[in-house]
């Protein structure tokens, strides 16, 4: 009956745990302090939609004349604005992904929208063992409309002076070949009104150089930079000042990095004084279809510092450069999707848009606007060591993904410690094992004290059981009296039942470490595709996948715990085996222990056996680095338990060898650590209560 109740209780606890995981994000959403959308006339311009009837191929197209109300090449009405672009869609590229390249990436541009078509990173690969560079961004094709979308396209331009919008996302801009270099690409377009040029817009991308490929941990700040500068130059061709509003689109086509968990999302970093932070990361399901999410705007005490689109390990950042133009203000920013796909699993079209406050372009003069873009890994080392990244707190992109059970200080400490341990051994797997040894050494006094205390408690409970049975016969069904007299027996024998919970203290201290390690494995890009041995554990940030299946399966009933299964993972099975062996070697009471004490110990053994299975299922798809940590901790724990068993056995033999009334020095004493905690607990009980007595 007791076993049945135990299993029912465990299953109910698991069900409550899974239910909490499902409903907690809805009940307690992440707080947001971002300001509401502006209601000023300059920020309520028409949505920056792209025309659906413009061809998306690289073939020759007719010159496109876009107006405020016209999306075809028909002649504009008198006084309407048109933008003259190129005749054909063209592409060109800068940078290189060759091993000896001085550039961190290769970027392919398209003149349609003066945008980025693809980005490939030099120092990262798409898959374990692959030779092809990592595709950070790709063009997004909408099958429903046949339309193509590109990164950092100029969505729209509004000349407030004439109260007209000009759609530019699908316009083939002219390429200034004479101004293009190995690192620079220049586009331009001319806006006309009644056939008279009124505004010339130049858009320049500049790729920063970096050092050649370097080993992790040896890169300089130059190696860690993945910067692209985007500069607009507005030249007024009229004799009157012009007021111009720019709508700049962010990146699209970022890939799903983790096949099990979709980490893609948009974050807006808000600066208030010297503090820069992301309050929430917005996913694709929040912007399905026509939905949009306000990301904030500049106000008196706050401003939009930067916007990011990120997956698990990589990010694309757009940051308005206030130093280049001190008058630059963000009037509105929002997250959106570009297709009408209603599925929340399709996230390649996820992007953000920035609407700048009106820019004044003087008559016959120019006004420049600059954005600093980061296209690269979410590297803690880079974000903390490179001065520009640290000043704008790019580290917030990593911190926003930390788990609720892994506070930022714990996760950041684990990341720092792993990187420090990596430096001498050059292997993150070995660094994880060294971390296990450090944690085990620190917790050894507490672990040893807990096991000795548990042994003492079990022996004393066995000796008191006959007296407890006598109390039950004496008081019959008076449970309150039985409980009071039982507690009195415990107190006279020096037993505090609450101290049994202290034996769980080492495990309780380990849980934040596990959570912090999991957060670190999901945040340290250097651990992505980092092998342990090269033939079995090839990626410490993913499951070991000893035998890949080639397809994914969902196990009925267990899918919510295990997740999708795409291979045979040996490491979580070994973890469960070592956990079972460790609990079997826990110090046990002597054979003389009987009655309720023995029954409680048997129930605990059954519960631990069940928990080994539960942990194996829950961690089946966990990162190999986390499972390696827990399995190594179990193995070292088995050795530790063996030594504790020998220690307890020696104490028992000494106790038996002592004659009645002999020296208490050789008896199985309660560890001083637990005696101190029990003393503090008793003192707390004696403190007067503020509650009125009834």
- Spatial extent of region 348-425: Rg and Dmax, with the Cα atoms as the point set, Å: 19.0, 64
- Note on the structure: Here, residue 423 and residue 195, labelled 7 Å along Cα→Cβ, have an inter-label distance in nm of 7.1
- Mean Cβ neighbour count within 10 Å, used as a protection proxy, ranking 348-359, 154-165 highest first: 348-359, 154-165
- Extension gain residue 131-residue 301, at 0.36 nm per residue separation less the Cα-Cα distance, in nm? 56.4 nm
- Query: Under a plain spin-label model, where a point goes 7 Å from the Cα along Cα-to-Cβ, how far apart in nm are residue 657 and residue 288?
  - Reply: 7.4
- P(r) histogram, all alpha-carbon pairs of region 291-361 included - 5 Å bins from 0, percent: 3, 13, 23, 22, 17, 12, 7, 3, 1
- Query: Which order, highest average first, do 453-463, 385-395 follow once you tally other Cβ atoms within 10 Å for each residue and take the mean per peptide?
  - Reply: 453-463, 385-395
- Approximate spin-label separation residue 209-residue 552, in nm, with each point projected 7 Å along Cα-to-Cβ: 4.3
- Message: Given axes a ≥ b ≥ c from the Cα gyration tensor, I'd like to know whether region 82-401 is rounded (a/c under 1.5), prolate (a/b larger than b/c) or oblate.
- Response: rounded
- Query: Binned at 10 Å from 0, what are the whole-percent values of the Cα-Cα distance distribution for region 231-302, short to long?
  - Reply: 13, 31, 30, 19, 6, 1
- What relative contact order, as a whole-number percentage, does region 82-401 give when Cα pairs under 8 Å and 6 or more residues apart are counted? 17
- How many angstrom separate the Cα center of region 321-362 from the Cα center of region 521-565? 36
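Any chance you could run the full-extension gain for residue 324 through residue 342? It's 0.36 nm times the residue separation minus the Cα-Cα distance, nm to one decimal.
My answer for the length gained is 2.5 nm.
Any read-out appearing in this document is the output of simple, stated calculations on the displayed coordinates, not a laboratory observation. From a predicted model like this one, the values you see are computed outputs, not experimental measurements. Every residue, glycine as well, gets a Cβ built from its backbone with ideal geometry; the counts of neighbours run over all protein chains shown.
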